[in-house]
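Below is one structure, written out as structure tokens, with a few remarks after it.
The values are calculated or read from the model by the stated rules, or taken from the named source; none is laboratory data. The structure presented is a predicted model; accordingly, all values stated were derived computationally and were not measured. Methodologically, a virtual Cβ is constructed for each residue, glycine included, from the backbone with ideal geometry; neighbour enumeration extends over all protein chains shown.
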Amino acid sequence: MNVNKLMAELEAKHPGEVEYLQAVREVLESIEEVYNQNPQFESAKIIERMVEPDRIFMFKVPWTDDEGNVHVNLGYRVQFNNAIGPYKGGLRFHPSVNLSILKFLGFEQIFKNALTTLPMGGAKGGSDFNPKGRSDAEIMRFCQSFMLELWKHIGPETDVPAGDIGVGGREIGFLYGMYKKLASENTGVLTGKGINWGGSLIRPEATGFGATYFAQEMLATKGMSFAGKRVALSGFGNVAWGAALKVTELGGKVVTISGPDGYILDEDGISGEKIDYLLELRASNQDIVEPYAKKFPNAKFFAGKRPWEVKVDVAMPCATQNELGKEDAEALVKNGCVCVAEGANMPCTPEAIEVLQQNKILFAPGKAVNAGGVATSGLEMTQNSMKLSWSREEVDARLQQIMKNIHEACVKHGTEKDGYVNYVKGANIAGFLKVANAMLDQGIL
């Protein structure tokens, strides 16, 4: 495999799809050595088949607002790879949604899902619809229109969507209600469902919990733990909320959260009622964190800035892609940060990752760190198929074991000669080998 040649061909076929091409390059560079050691992969053109989605559905979503005005959004579903199980991946409702972002997320999902060891393939979908400021009735009508097209392409053994940015329990409820009506069946076709009708306990917190469990394993390789550590989080959605809860439980102090408007520094620690307030902020339909500083006067708000300038031991970017750049990474290194764990999907730029790895900082990518969300979705699918429900403790214990297993796989495939663990390489190789070998077993499809 010649990475530069393959990337040049992809860039010619998919010009301008920056996020997708970035994600593919990262994986190809990580697995190049292993790939070239296994000629059966080359003869079956595994990479050429893996980097292209199985199929992409793109459709219009017309809906009516409360004033009777008609709007038209775009809807997407990218079914990327189902070699190890049904397509699985979230739906994102956000104005930034486009095909490049969904292809990047779907491609990442292949390896993330493989790392969980659960039988789930990779997919992603969503719309450029913005739920912010919309009434429940407007969101219901949009979700029903969206599902009117999507339902034909999904199913409990075919493709199981979940939530993502802009798609929480409310949206999943509206989507599932329409699916159930159209398909005339009550099955586990969506995850992130309400606990009263097939959902799993701790699913909302799972991505943040899992990210914290993974970071805990990273710290343990250096004989450290979260106890007494200062932790910077970005974002203030489900991932940051779950991470704040679990970091605090493990003895760490969360000192930052952030939004598009800037970041909050709270030297007293973001715990207890302050973590609960994150839920209120997110539910307020205002995509800002400044109100936190007004409610808790000891906190400071820094407009238009990111939290990576704060002196912390652990940084967990939990917001969105490419939010932590080279200068941010240099600031973290300068301030003595020992661990950076990606709670979001690809939040660190390639230049930032290079800085962190050159300085031998513990760094792990989102496909490993934030796999706890989809892992718990997989556990929800299992509970649905068995027609039973596990306790909070059972789900949490299974999640913690899955994250520990993912960490072990990353260490196995990513440990370099000097002992430094290249978690990017380890995660990509472990996920790739599982999917590639399944593809070989199933023939040329």
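If you go through the stretch 404-423 and pick out every residue that is touching an Asp or Glu at 6+ places or on another chain (Cβ under 7 Å) and either surrounded by fewer than 16 Cβ atoms within 10 Å (Cβ to Cβ) or hydrophobic (A, V, I, L, M, F, W, C) (or both), you end up with 1. Among the conditions (1) out of contact with any Gly (no Cβ under 8 Å at 6 or more places or on another chain); (2) in contact (Cβ under 8 Å) with a residue 60 or more places away in the chain, the only one that Phe59 does not satisfy is (1). Please indicate, with yes or no, whether at least one residue in the stretch 63-81 is surrounded by 16 or more Cβ atoms within 10 Å (Cβ to Cβ), more than 21 Å from the chain's Cα centre (by Cα) and in a strand (DSSP E or B). Yes: the stretch 63-81 contains one or more residues that are surrounded by 16 or more Cβ atoms within 10 Å (Cβ to Cβ), more than 21 Å from the chain's Cα centre (by Cα) and in a strand (DSSP E or B). Scanning the stretch 250-261 for residues that are closer than 23 Å to Met403 by Cα and either aromatic (Phe, Trp, Tyr) or within 20 Å of the chain's Cα centre (by Cα) (or both) turns up nothing. Residue-level analysis places Phe209 among those that are of a type outside the set (S, T, N, Q), at pLDDT 95 or above and in contact with a Leu (Cβ under 9 Å, 6 or more places away or on another chain).
Condition first: more than 16 Å from Ala137 (Cα to Cα) and in contact with a strand residue (DSSP E or B) (Cβ under 6 Å, 6 or more places away or on another chain). Now tell me which residues in the stretch 157-188 satisfy that. Working first, answer last.
If we filter the stretch 157-188 for residues that are more than 16 Å from Ala137 (Cα to Cα), which is where we start, we get 157-165, 179-188.
If the condition is that a residue be more than 16 Å from Ala137 (Cα to Cα) and in contact with a strand residue (DSSP E or B) (Cβ under 6 Å, 6 or more places away or on another chain), then Asp159, Val160, Pro161, Ala162, Gly163, Asp164, Ile165 are the ones that fit.
Scanning the stretch 166-185 for residues that are more than 16 Å from the chain's Cα centre (by Cα) and touching a residue at least 40 places away in the same chain (Cβ under 8 Å), we see that the one that is farthest from Val97 (Cα to Cα) is Leu175.
In the stretch 128-146, the residue that is farthest from the chain's Cα centre (by Cα) out of those that are farther than 18 Å from Gly237 by Cβ and crowded, with 24+ Cβ neighbours inside 10 Å is Phe142.
Residues in the stretch 222-240 that are closer than 15 Å to Ala211 by Cβ and small (Gly, Ala, Ser): Ala232, Ser234, Gly235, Gly237, Ala240.
Just to be sure, is Ile84 closer than 23 Å to Met50 by Cβ, within 12 Å of the chain's Cα centre (by Cα) and in contact (Cβ under 8 Å) with a residue 40 or more places away in the chain? Lay out the reasoning, then the answer.
Numbers: closer than 23 Å to Met50 by Cβ: yes; within 12 Å of the chain's Cα centre (by Cα): no; in contact (Cβ under 8 Å) with a residue 40 or more places away in the chain: yes.
No; evaluated as a whole, the condition is false for this residue.
Out of the residues in the stretch 302-327 that are within 22 Å of the chain's Cα centre (by Cα) and part of a helix (DSSP H, G or I), state the one that is nearest to Ala352 (Cα to Cα).
Here the residue is Lys326.
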